[in-house]
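> First, the structure itself, so that you have it in front of you.
The values are calculated or read from the model by the stated rules, or taken from the named source; none is laboratory data. None of these values were measured; they are calculated from a predicted model. Backbone-built Cβ (ideal geometry, glycine too); neighbour counts: all protein chains shown.
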Amino acid sequence: MGRTLTFNIFRYNPSDPASAPHMDKFTLDETERMTLFIALNRIREELDPTLMFDFCCRAGICGACAMVINGRPGLACHTKTKEMPDEITLMPLPVFKLVGDLSVDTGVWFRTMYQKIESWVHTDKKFDPTAQEERMDNGLAEQIYELDRCIECGCCVGACGTALMREDFLGAVALNRLARFILDPRDQRTEKDYFDVVGTDEGIFGCMGLLACEDVCPKQIPLQEQLGKLRRKMALAAVKNILPKFLKKDF
Amino acid sequence: MSVPTTATHEGLPVGKLSAYLDWAQMLTGAALILFMWSHLILVSSILLGPGVMNGLAWFFEATYMAQVGGPLIFLCFLVHFVLAARKIPFNTAQQRVMLANAKRLRHPDTWLWIVQAVTAMGILIMGAIHLWVVLTNLPITAEKSAARIQTGFWFVFYLFLLPMVELHVGIGFYRILVKWGFVDRPGRWTLKKKENLLTAVFIGIGLLSLLRYYFLPLK
């Protein structure tokens with residue numbers, strides 16, 4: 001404790017014609033158990049009330065406070081200042097539309113992406129509100145939940161070299177999301193339906209395996225494993241008809 | 001703002017071309033990895049003596065593996081380049097985005113990809129020259145190889161080509177396994193360590209072999 005922290009923060013308000021992108025410097029005395037979330041609130045309360053940034057839950061659940069912290073996408077509320085150097089540089093997440101300063105609009109991007117991959121359970125079963133819910137094997141439910149832990153913060157997209165270079169690349173979050181529906185027995189989509197959604201260079205075959213998604217995910221979702229499984233599944237689906245019988249297993 | 005714009009949806013089935021090309025990129029890559037590792041082991045037979053190297057070279061000539069396999073490897077090499085180049089940024093804007101991201105992130109695997117992309121360009125040119133020089137001057141013998149390396153120019157040429165190939169091949173091996181999901185999270189770190197060690201060992205063997213050729217007495 002007793003450190004004085006220097007914050008270099010990206011400032012730009014796209015809706016203000018007089019605003020130009022620049023970095024502002026703020027200094028704060030470090031307090032015990034300080035997180036970037038606390039620091040940013042103090043900066044806004046004590047030093048500059050115009051500073052824009054998003055937060056909601058302050059507990060790593062809502063994903064709103066994702067930003068680029070000393071070069072790496074991460075959650076401000078999850079980042080303890082005691083684990084950071086004296087100087088901290090904060091930038092908004094790339095890829096997403098800038099609202100202002102550190103605040104970005106991830107909502108529009110995610111909604112569009114979910115529509116593209118049709119991120120909902122496809123079923124022709126009529127919902128009966130009086131019937132008991134269908135049982136699911138506990139192990140399978142846990143597997144689905146493991147992937148459903150995604151908080152849609154956008155860190156994986158902001159860290160992905162491929163997504164930064166190619167606007168049409170779906171990104172790890174979308175591929176992980178689809179992997180979740182593939183596991184779900186309530187979704188009646190066939191392998192071909194899934195292939196039609198991600199069996200392209202904009203989908204799983206566009207992934208170059210840089211694995212920044214895996215390494216920055218604040219929820220430690222096993223993205224490398226999921227993307228690998230999805231690539232195998234989709235690649236095999238494409239050649240199933242030409243494979244000899246003994247190779248036609250789902251590995 | 002970037003939004004995924006071209007993913008398809010129900011009712012618009014996509015072709016299988018992307019999948020076929022991804023298979024081909026991986027399979028040509030895997031074939032070239034196996035070839036390059038075998039190649040280095042065979043070439044390093046000079047460390048056991050010119051007779052061993054000549055014997056092995058004779059075997060590959062007599063069975064026509066050099067005459068037929070050589071051009072096939074050349075073809076595989078060119079096909080692999082064309083397929084993998086689909087992913088490499090050739091325009092400056094994309095290159096700058098990629099570099100800026102790697103610098104900002106300080107993320108080893110993103111840097112490894114850049115090493116792979118840069119060495120790919122070097123290997124395309126120098127590997128093609130090497131293949132041409134060797135395949136147009138068959139049969140391969142220890143004396144001919146040594147004479148070429150002792151010109152000095154070729155020694156320096158291989159001092160650049162050797163680490164480029166070993167880095168590219170080693171990283172490629174690691175990337176195939178992680179991309180196709182053959183390792184899990186803990187397995188990835190073990191694999192990376194082993195891959196780094198393997199690359200270092202291969203560069204070491206290659207350097208020793210180069211020095212042996214350089215100092216091999218010519219008749």
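> Among (1) over 15 Å from the mean Cα position of the chain (by Cα); (2) in a helix (DSSP H, G or I); (3) at pLDDT below 90; (4) surrounded by fewer than 17 Cβ atoms within 10 Å (Cβ to Cβ), there is one condition residue B:201 misses while meeting the rest; what is its number?
For residue B:201, the failing item is (3).
> Return the residues of segment B:128-144 that are in contact (Cβ under 8 Å) with a residue 60 or more places away in the chain, of a type outside the set (A, V, I, L, M) and under 12 Å from residue B:70 (Cβ atoms); say none if nothing qualifies.
B:139 - this is the single residue of segment B:128-144 that is in contact (Cβ under 8 Å) with a residue 60 or more places away in the chain, of a type outside the set (A, V, I, L, M) and under 12 Å from residue B:70 (Cβ atoms).
> Continuing with the same structure: Only one of B:48, B:75 is under 20 Å from residue B:21 (Cβ atoms) and loosely packed, with under 14 Cβ neighbours inside 10 Å; which?
Only one candidate passes the filter, namely B:75.
> Another question, then. Which residues, counting only those in segment A:1-51, are of a type in the set (A, V, I, L, M) and surrounded by 16 or more Cβ atoms within 10 Å (Cβ to Cβ)?
If the condition is that a residue be of a type in the set (A, V, I, L, M) and surrounded by 16 or more Cβ atoms within 10 Å (Cβ to Cβ), then A:5, A:9, A:28, A:34, A:36, A:38, A:39, A:40, A:43, A:51 are the ones that fit.
> Given (1) touching a strand residue (DSSP E or B) at 6+ places or on another chain (Cβ under 8 Å); (2) charged (D, E, K, R); (3) more than 10 Å from chain A (Cβ to nearest Cβ), where does residue B:148 come up short, assuming only one miss?
Just one mismatch for residue B:148, condition (1).
> Here's another thing I want to ask about it. What residue, among those in segment A:106-142 that are in a loop (DSSP other than H, G, I, E, B) and of a type in the set (Phe, Trp, Tyr), is surrounded by the fewest Cβ atoms within 10 Å (Cβ to Cβ)?
A:127
> Checking the structure you have, find out if any residue of segment B:157-170 is β-branched (Val, Ile, Thr), surrounded by 15 or more Cβ atoms within 10 Å (Cβ to Cβ) and within 13 Å of the chain's Cα centre (by Cα).
Yes, segment B:157-170 contains a residue that is β-branched (Val, Ile, Thr), surrounded by 15 or more Cβ atoms within 10 Å (Cβ to Cβ) and within 13 Å of the chain's Cα centre (by Cα).
> For segment A:1-105, which strands (runs of 3 or more DSSP E) that fit wholly inside it have 2 or more residues that are over 16 Å from the mean Cα position of the chain (by Cα)?
Ranges flagged: A:4-11, A:22-29, A:87-91, A:97-100.
> Ok, one more. So residue B:174 ticks every box in (1) among the hydroxyl-bearing types (Ser, Thr, Tyr); (2) closer than 30 Å to residue B:109 by Cβ; (3) away from chain A (no Cβ under 14 Å) but one. Which box is left unticked?
With respect to (1) among the hydroxyl-bearing types (Ser, Thr, Tyr); (2) closer than 30 Å to residue B:109 by Cβ; (3) away from chain A (no Cβ under 14 Å), residue B:174 is out only on (3).
> Follow-up. Restricting to segment B:123-144, and then to whatever is buried (at least 20 other Cβ atoms within 10 Å of the Cβ) and within 13 Å of the chain's Cα centre (by Cα), can you tell me which residue is nearest to residue A:164 (Cα to Cα)?
Ranking the qualifying residues of segment B:123-144, first place goes to B:123.
> Moving to a separate point now. Taking residue A:129 as meeting all but one of (1) farther than 29 Å from residue B:88 by Cβ; (2) touching a Gly at 6+ places or on another chain (Cβ under 7 Å); (3) free of Cβ contacts under 8 Å to residues at least 60 places away in the same chain, write down the number of the exception.
The number of the failed condition is (2).
> Quick one: would you say residue A:155 is more than 8 Å from every other protein chain (Cβ to nearest Cβ) and in contact with a strand residue (DSSP E or B) (Cβ under 8 Å, 6 or more places away or on another chain)?
yes
> Does residue B:95 meet the test of being surrounded by 12 or more Cβ atoms within 10 Å (Cβ to Cβ) and at pLDDT 90 or above?
So residue B:95 passes the test.
> Looking at B:147, B:120, can you tell me which residue is touching a residue at least 40 places away in the same chain (Cβ under 8 Å) and more than 16 Å from the chain's Cα centre (by Cα)?
B:147
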